[in-house]
Structure formats: structure tokens, C-alpha cells
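Take a look at the structure set out below.
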Amino acid sequence: MRTKDEIIGFTKSLRVLIVEDTAVDRRLLESMLSESSGVTSFLRSADSFKKAIVLLEKHNFEVVVLDLNLPDSQGIETLYALREKYPDVAVVVNTGAYEDDLGIQTLSSGAQDFLVKGKYNAYFLNKVLHYALERKRVEKVLENAYAQLKETQDQLIQSEKFKVVGTLATGVAHEVKNPLATILYGITFLSEHLKNKDEKTVTVLTTVKDAVNHANKVIVNLLDLSSGTYLKKAKQNLHESIDKAVSLTRYQLEQKHISLHKEFELDIPNLEIDSTKIEQVIINLILNAGHSMADGGMLTIRTESSILSDDFKKYPRLFTSSIIKRGQKIVLLEIEDNGCGILKEKIKNIFDPFFTSRRATGGVGLGLSVSKNIIDLHNGEIFMENISPQGAKAVIILPIE
Ligand SMILES: Nc1ncnc2c1ncn2[C@@H]1O[C@H](COP(=O)(O)OP(=O)(O)OP(=O)(O)O)[C@@H](O)[C@H]1O
Ligand SMILES: [Mg+2]
């Protein structure tokens, strides 16, 4: 025969924290939820917000029954403070007898349900806690689905942008490339055959040469972006690509007295990559790091292999990736600097074609878009984040096939 609890489906014992400063109310809840009743498998109580936080830091709770008016925190702010610190815990607010409106308000402020003091019994309380837990679970599923949808939408927008840039680029770049080469040749010829080498003439020629070189860089990068659908893949050790990229950028790093630290995981699995293109990405990232650092910074290049499992806490954003799936074996490459960091309001734009904060010093704003295009073609992920106390980190995740 089935027990009453099984019939209504309350087969799970919950881990519950009661936060209530009125002794009578707290004891009533404790007796209804006592571990011996089978409703809870772990029950703790706190009579202030501060004590609740101490318990939440120490133990893993599923549901918090929360009185909003505590000695050290009052009103809806109590709920906000709890939600901000512990977004994964389900919250059931315990409101006063005539506070139905407040109860409804808590639902739109992040609580999963509310109780009205004096108007519930043990059975009703049990039901509400289970309902709150289930609602929290569904909310999390929805949040993940939304984040995934948003990322897919962003990728679509980005790939549309690439298509437009690509079509334009191939047309314009081919037309402009040859005249630019002629101009560059002409300037070099003039510099060498100039009879009157006065300072002003030399300055003018140097300025023209710099401008042509800049235009040439734009064209080369644009062609890279638009021809980026083809990869020449082969099994390759990522460390070799990194070492090559480092040797090609050594001069720039030395000039700025930037020291390089390598933290390579030994025996990292070989990857199926287009090594020339991956080197190009690493060069772009090293140069960006170099530009962000004033004289005498530190550049760290790190590699690590892992699996994107539930235990992978390092980059939670990967859990909503539409490219890297759970269970996928991955290699992580981090390129970290202690430079100026990225302006918070600009971080979402840095992968946009032509976004640059270095226009005055020759930046075109295509380094990261080209890099992202290449990593996308490898079915990988690339992103950047600021690090503490100072600097930025580029992260690349490549799948091990
Ligand atoms: N390591 C970093 N630290 C701080 N800001 C960075 C870093 N890497 C990139 N950025 C920001 O992102 C912008 C875009 O980078 P991106 O490589 O696409 O273009 P760029 O370096 O400005 O020009 P280029 O086309 O010559 O590479 C940079 O101008 C800079 O503002
Ligand atoms: Mg760059």
C-alpha cells in the first residue's frame, strides 16, 4: 500500500533553512518541518540575515523560508539581498497575516512562492516547498534556454555581418590591392632617388608610406575575413603553433620589455587544426596584449585539456554555448596580460569588425574579428574578459575530435 505522502508525490526530503526572528513563528515552522517528519533531510534556523548568510555559506540548502522583516534587514530588500548572493536557492517568503499584496510582489521579485502566517498547516507547507523547488528548477531550465537562444541570435547577427563585410571586401579589396602595391613601390622608388632630402620632404614621404601600409593592412585583413571558409586541417601540437607565434612577435614584446611566462600542460592531445590560421589568431592576441601594456608588462600563455562536464566551473558561460556541448573533450588556451584591461561598456563590441580603441596608433579593428572567424571555423569558442587586479585574458576553447 502507498503512503499518503507518496500519493501526493512528496517523496523527496528537502534541505531547508528557516530565516525567522519571531520565536513563535520559527518554532512552529521547525515543528512542522522537523527532520523526523520526513519533510526535511536537513533543517537549520536563523533569527537574523547575518546568521542566515553564515549558514548558507557553510551548507547546501535547496529552499529558504524567509521572513522579510529581520532585525538586520527589512522589507523586499531582504529578498533582493538573498537572491543576489544565492541565485540558485529557491525562496519561499513568510509574510504577515494581512500582507497578501506584499506576497504577490515577492513573486515578481524573485521568490518562488509565499506563505501567509497563521494560514497554513504542515501539509500545505510541504506542498509549497516542493512547488517552490520545482518552480526554481523550471526557471533555471528557461534561463539556460534563453541564454542559448540569445547566443545563437548573436551568432546569426555576427555571421550576417561577416557575409556583408565579406561580399564587399572581396570586391573592393581586389580592386584596391594592386594600386596600393604600385603606390608603395613608387614611394620607395622616390625615397631612394630623391636628390633633395630635406627634413620636410622625408617626413611627407614617411607619412604617405605609413598611410599606404595602413590601407594595405585593412585590405589584407578584409581578404582574410572573406576567404575564411576554407581550412587546411592536419593533426598538430598546439604548443608548436604557440611557439611559432611567440617567435614571430618576440621583437615587439622585447621592445616593450614584456616578459613571457608559459604554463603549458604536458602531453596535451594533438588537435585537428589549420596551424597557419591558429598561429595568426595567437599572433593577433599576443599583439593585442602587447598594445594594452605600457613599458614592462607580463604576458602569460597557458594551456590545459579538460572535459566540459558539470564539474567544469572555470568558465560557466560555456554551459550555454551552442557550439561546445557537455561531455566534449576540449583544449583551453589562455593569453593573459596585466595591461589596461577592456572598458566594461566596450567589451561586447570588441569582436565587431572595425571596432578599435587604437585608431590613432594604427589599429584597424579587424584582429579579433578575423580571429573569431578562424576559431568559429574550428568549431571552437573565443572570448575575452577582464581579470583582477588588472589586465585582460583571451580564452580559446578548441574541441578535441
Ligand atoms: N588584451 C587586451 N587588452 C585591452 N583591450 C583589448 C585587448 N585585446 C583587444 N582589446 C580591445 O579590443 C579592440 C579590438 O581589437 P582588435 O584586435 O580587433 O583590433 P585592434 O587591435 O584595435 O586593431 P588590429 O586590426 O590592428 O588588430 C582593441 O582596439 C582594444 O580596444
Ligand atoms: Mg589587434
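Net charge near F61: determine it from the other residues with C-beta under 9 Å of the C-beta of F61, scoring Lys and Arg +1 and Asp and Glu -1.
Here the charged neighbours net out to +1.
Any number yet on Rg/Rh for the stretch 81-149, C-alpha, Kirkwood?
Working: Rg = 13.2 Å, Rh = 12.9 Å.
Rg divided by Rh gives 1.02.
Listed here are the pairs K235/K348; K217/K244; K177/K346; K209/K393; K163/K325; K329/K393; which of them are more than 28 Å apart at the Cα?
K235/K348; K177/K346; K209/K393
Going from most exposed to least, what order do Y86, Y131, Y185 have by accessible area with a 1.4 Å probe? Display every interim value, and only then the final one.
Working: Y86 35, Y131 120, Y185 155 Å².
Highest to lowest solvent-accessible surface, that is Y185, Y131, Y86.
Could you work out the Rg to Rh ratio of the chain, with Rh taken as the Kirkwood radius (inverse of the mean 1/r over all Cα pairs)?
Taking Rh as the inverse mean 1/r over Cα pairs, Rg/Rh reads 1.15.
Read phi for every residue in the stretch 299-315 and hand back ³J(HN,Hα) as whole Hz from Karplus 6.51 cos²θ - 1.76 cosθ + 1.60, θ = phi - 60°, with x for Gly and Pro.
Per-residue couplings from phi come out as 10, 10, 10, 10, 10, 6, 10, 7, 10, 7, 10, 5, 7, 7, 8, 4, 10 Hz.
What per residue convex hull volume, in Å³, do the alpha-carbon atoms of the stretch 110-220 yield?
160 Å³
Put E57, E279 in order of accessible area, largest first, 1.4 Å probe: what do you get?
The residues order as E57, E279, largest area first.
Eigenvalues of the Cα gyration tensor times 5, then square-rooted: what semi-axes does that give for the stretch 12-120, in whole angstrom, largest first?
The answer is 19, 16, 13 Å, longest axis first.
If one computes the Cα centroid of the stretch 164-219 and of the stretch 305-320, what distance in Å separates the two points?
47 Å
Counting only C-alpha contacts under 8 Å and six or more residues apart, can you give the relative contact order of the chain as a whole percent?
Averaging sequence separation for qualifying contacts and normalising by length gives 10 percent for the chain.
I'd like the orientation of helix 238-255 relative to the chain: the angle between its Cα long axis and the longest Cα principal axis, in ° from 0 to 90, rounded to 10.
60 degrees
What's the local net charge at F114, with K and R +1, D and E -1, over the other residues with C-beta under 10 Å away?
Details: positive: none; negative: E99, D100, D113.
Cβ neighbours under 10 Å give a net charge of -3.
Just from its helices, what would the mean residue ellipticity at 222 nm be for the chain, if runs of 4 or more DSSP H residues each count -39500 (n - 2.57) and the sum is divided by every residue, rounded to the nearest 500 deg cm²/dmol?
-16500 deg cm²/dmol
In square angstrom, rounded to the nearest 10, how much accessible surface does E62 have for a 1.4 Å probe?
Number for this one is 40 Å².
When all protein chains stay in place, what accessible area (Å², nearest 10, 1.4 Å probe) is found for Y80?
100 Å²
Using alpha carbons only, how many angstrom separate the centre of the stretch 334-348 from the centre of the stretch 41-115?
36 Å
If V395, V116, V54 are ordered by their accessible area, calculated over protein heavy atoms with a 1.4 Å probe, which sequence runs from highest to lowest?
Working: V395 0, V116 20, V54 90 Å².
So the residues, ranked largest to smallest area, are V54, V116, V395.
Tell me, what does the Kirkwood hydrodynamic radius of the stretch 229-399 come to in angstroms if you use every pair of distinct C-alpha atoms?
After inverting the pairwise mean of 1/r, the radius is 16.5 Å.
The values are calculated or read from the model by the stated rules, or taken from the named source; none is laboratory data. Small disclaimer: the values here were computed from a predicted structure and weren't measured. Counting neighbours? That spans all protein chains shown, and the Cβs are built from the backbone with ideal geometry, glycine included. SASA here: full protein model, heavy atoms, side chains in, ligands and nucleic acids out. Shrake-Rupley method; radii C 1.70, N 1.55, O 1.52, S 1.80 Å.
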